[in-house]
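Engineer: Here it is, the structure in full.
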Amino acid sequence: MLTYANHLGLYAEETGPSGEALGNFPQAGVKGHNGAHVCFGQSSYLGVATANWVAALKSSDSLERRLAAHALAEIGRTAREAVPALTETLQDSESFVRIWAAAALARVQPENGDAIPALVAGMRDEIYFVRTLAAWHLARLGPQHPGIEAVVPELHERLNDNDPSVRAEALVALGNLAGKGAPAAELKSLSAHR
């Protein structure tokens, strides 16, 4: 298990033996023999417990709902109690909230079959920022994520998107999902796709 803290030392990202993200944890535990921080009590993000982030998914403020989805993604697999609420949030009235909920669901419960299709649907949204965000989240999931191979054709389609930021994120995602990142030369060629 690999653990590292952010630049402020407020939380630690933990990664499992096969590279899967286990989530972020506050630095309120004891340091184990392998350098990992062992935290006691509830999983939390920025000192807010998982249950409170789940409740925030019901907020009338779309930005609060988006932040809640982000927080649950950062908590990762230990936020399993959030799966029903995240699944419900895939139907949110705001497309950007749906994308963040799908990304959180993919990190909290990678084997969940609803996350990838929701992110793919986001790449077809009428709002360019939502399409960009969906491709960005798909890139973060990585080549080992269950079902990720299904997004490759849609990412290839996004290389012809009318928005350059969507094309750029699709190219980066394709590179990341190939396991090698996006080569700089390919990024420079984006202007050819206009």
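The values are calculated or read from the model by the stated rules, or taken from the named source; none is laboratory data. Small disclaimer: the values here were computed from a predicted structure and weren't measured. In this analysis, Cβ positions are derived from the backbone assuming ideal geometry, glycine residues included, and neighbour counts consider all displayed protein chains.
Engineer: Given the condition modelled with pLDDT under 95 and loosely packed, with under 14 Cβ neighbours inside 10 Å, answer yes or no: does some residue in the range 161-179 qualify?
Structural biologist: Looking through the range 161-179, at least one residue is modelled with pLDDT under 95 and loosely packed, with under 14 Cβ neighbours inside 10 Å.
Engineer: Test Val152 against the stated conditions and say whether it is in contact with a Phe, Trp or Tyr (Cβ under 7 Å, 6 or more places away or on another chain), of a type outside the set (D, E, K, R) and under 24 Å from Gln109 (Cβ atoms).
Structural biologist: Considered against the rule, which asks whether it is in contact with a Phe, Trp or Tyr (Cβ under 7 Å, 6 or more places away or on another chain), of a type outside the set (D, E, K, R) and under 24 Å from Gln109 (Cβ atoms), Val152 comes out as no.
Engineer: Can we say Leu90 is of a type outside the set (S, T, N, Q), closer than 30 Å to Glu149 by Cβ and at pLDDT below 50?
Structural biologist: no
Engineer: Next question. Given Ala36, Ala55, Ala79, which one is at pLDDT 50 or above and under 23 Å from Gly142 (Cβ atoms)?
Structural biologist: Ala79
Engineer: Identify, by number, the condition in (1) surrounded by fewer than 19 Cβ atoms within 10 Å (Cβ to Cβ); (2) closer than 30 Å to Ser60 by Cβ that Pro146 doesn't meet.
Structural biologist: (2)
Engineer: Criterion first (crowded, with 16+ Cβ neighbours inside 10 Å, at pLDDT below 95 and among the polar types (S, T, N, Q)) does Asn6 satisfy it? Write out each step before concluding.
Structural biologist: Values: crowded, with 16+ Cβ neighbours inside 10 Å: no; at pLDDT below 95: yes; among the polar types (S, T, N, Q): yes.
No.
Engineer: Could you say whether any residue in the range 86-101 is touching a Phe, Trp or Tyr at 6+ places or on another chain (Cβ under 8 Å) and charged (D, E, K, R)?
Structural biologist: No, every residue in the range 86-101 fails to be touching a Phe, Trp or Tyr at 6+ places or on another chain (Cβ under 8 Å) and charged (D, E, K, R).
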